[in-house]
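The structure appears below as C-alpha cells.
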Amino acid sequence: MTKITIAIDGFSSTGKSTVAKRLAKHLGYTYVDSGAMYRAVTWYAMKHNFINKERFDIDSLVSHLDDIHLNFVFNKEVGFAEVYLNDENIEKQIRTLEVSNFVSKVAEISEVRSQLVKQQQKLGKGKGVIMDGRDIGTVVFPDAELKLFLTANAENRAKRRFDELIKRGEKVLYDDVLKNVQERDYIDSHRTDSPLVKAKDAIEIDNSDMTKDEQFQIILDLVNKTLKEKS
Ligand code: CDP
C-alpha cells in the first residue's frame, strides 16, 4: 500500500500532537514530535545553566550540541514514542511551562535548527511518517504529500494548554500560559531562520470551534483523498 508523508505545522497548542498521534495509530504510521526535540535541547541548556532568566550563553550551547543525543522510544503503555536525552527519559521534564518559556529562544539558533532538521529528515526517510512542528512542510519535508496548517484563537489554545498542565500537576496561572502562547507565536513567526509560515500548498484548518473528533475526521478524509490520488 502507498505510504505518504504528512506534515502538520501550526501555532503553539493547536492540538497538532493530539491529532497526529491518533492518526498515526489509525494508519499504522510513525509519529515524530519535532517540538519535543527543541524542548529537549532547551532542557539540556537549562540543566547546564546556558540559559536562565538573566542570560543565554549561545556559544556554550552551540559548542555542546554534539554532546546531545536524542532518541525516540515507543512506550506501549502510553501509545507513542517518548523522547530520551543521552539515554534518559525526559518526556515529563520537557513539558513544563518553564521549558516553554525558553524554547522559542533556543529554536531561533540556526546551528540548533540545522542539527535537528537533519535528524528529522533521517527519521522521515521511509515515508509512512507524520511529523508536527513549525517548519515541517516548508523546510523539513517540502515534498510531503499532505501538508496541514492548524490554527485556533490564542485564548482557546491557552485554555487547552492550561488544562493539560493542571492535569499533570503543575501549578500554573492561566494568564502566564496565555502570555507564553502569545510570546512563542511572535518569536516563532518572526525569527530569521525557518519562521512559522503556512506552506503555499498547505491546507489551513482553524479548529477554534471544533471538537477533537470533528478535526480528526476532517484530517482523515484529507489523508484518504491524498492516498487515493497517489495510488
Ligand atoms: O506543543 P506546542 O505546540 O506548544 O509546542 P511544541 O511543538 O512542543 O514546540 C515547542 C517550540 O519548539 C515551539 O514554540 C518552537 O519555538 C519550537 N519548534 C520549532 O521551532 N520548530 C519545530 N519544527 C518544532 C518546534
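Quick look at the numbers
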quantity	calculated
Counted charge near I94, where neighbours are those whose Cβ lies closer than 13 Å (Asp, Glu -1; Lys, Arg +1)	-1
Share antiparallel - DSSP beta bridges, the chain, percent rounded to 5	35
For segment 179-196, 3J(HN,Hα) per residue [Karplus equation, 6.51 cos²θ - 1.76 cosθ + 1.60, θ = phi - 60°, Hz, x = Gly/Pro]	4, 5, 4, 5, 5, 5, 3, 5, 5, 4, 8, 10, 5, 6, 8, 6, x, 6
Between 0 and 90°, nearest 10: helix 97-106 axis offset from the chain longest Cα axis	90
Principal-axis tilt of helix 16-27 within the chain, Cα atoms, nearest 10 degrees	40
Per-pair calculated FRET efficiency, R0 = 25 Å: T18 and K230 via Cβ, rounded to 0.05	0.45
Pairs from K159/K228; K122/K147; K92/K225; K167/K225; K21/K53; K21/K167 whose Cα-Cα separation, in the structure shown, is over 25 Å	K159/K228; K92/K225; K167/K225; K21/K53
GNM result for the chain, Cα springs below 10 Å: residue of F56, F72, F11 fluctuating most strongly	F56
Length gained when the stretch R55-E98 is fully extended (0.36 nm per residue, less Cα-Cα span)	14.0 nm
Residue of V78, V197, V177 that the Gaussian network model of the chain assigns the largest fluctuation, springs spanning Cα pairs under 10 Å	V78
Nearest-ten-degree value, helix 154-167 long axis tilted from longest Cα axis of the chain	70
Backbone HN-Hα couplings from phi across segment 214-231 [Karplus 6.51/-1.76/1.60, Hz, Gly and Pro as x]	4, 5, 4, 5, 4, 6, 4, 4, 5, 5, 4, 5, 5, 4, 5, 5, 7, 8
Taking the chain and dividing mean pair separation by its residue count, relative contact order in percent (alpha carbons under 8 Å, at least six apart)	33
Normalised per residue, the volume of the convex hull around the Cα set of segment 5-223 (Å³)	122
Amide H within-cut-off set for Y31, under 5 Å, with H built and near neighbours excluded	I130
CD proxy at 222 nm, helix term only [per DSSP H run n ≥ 4: -39500 (n - 2.57); per residue of the chain; nearest 500]	-14500 deg cm²/dmol
Amide hydrogen neighbours beyond the local backbone of N153, cut-off 5 Å, H modeled	S208
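Only the coordinates and a few stated rules stand behind these numbers; no lab work does. Because the structure is a prediction, the values reported are computed rather than measured. Virtual Cβ from ideal backbone geometry, glycine too; neighbours counted across all protein chains shown.
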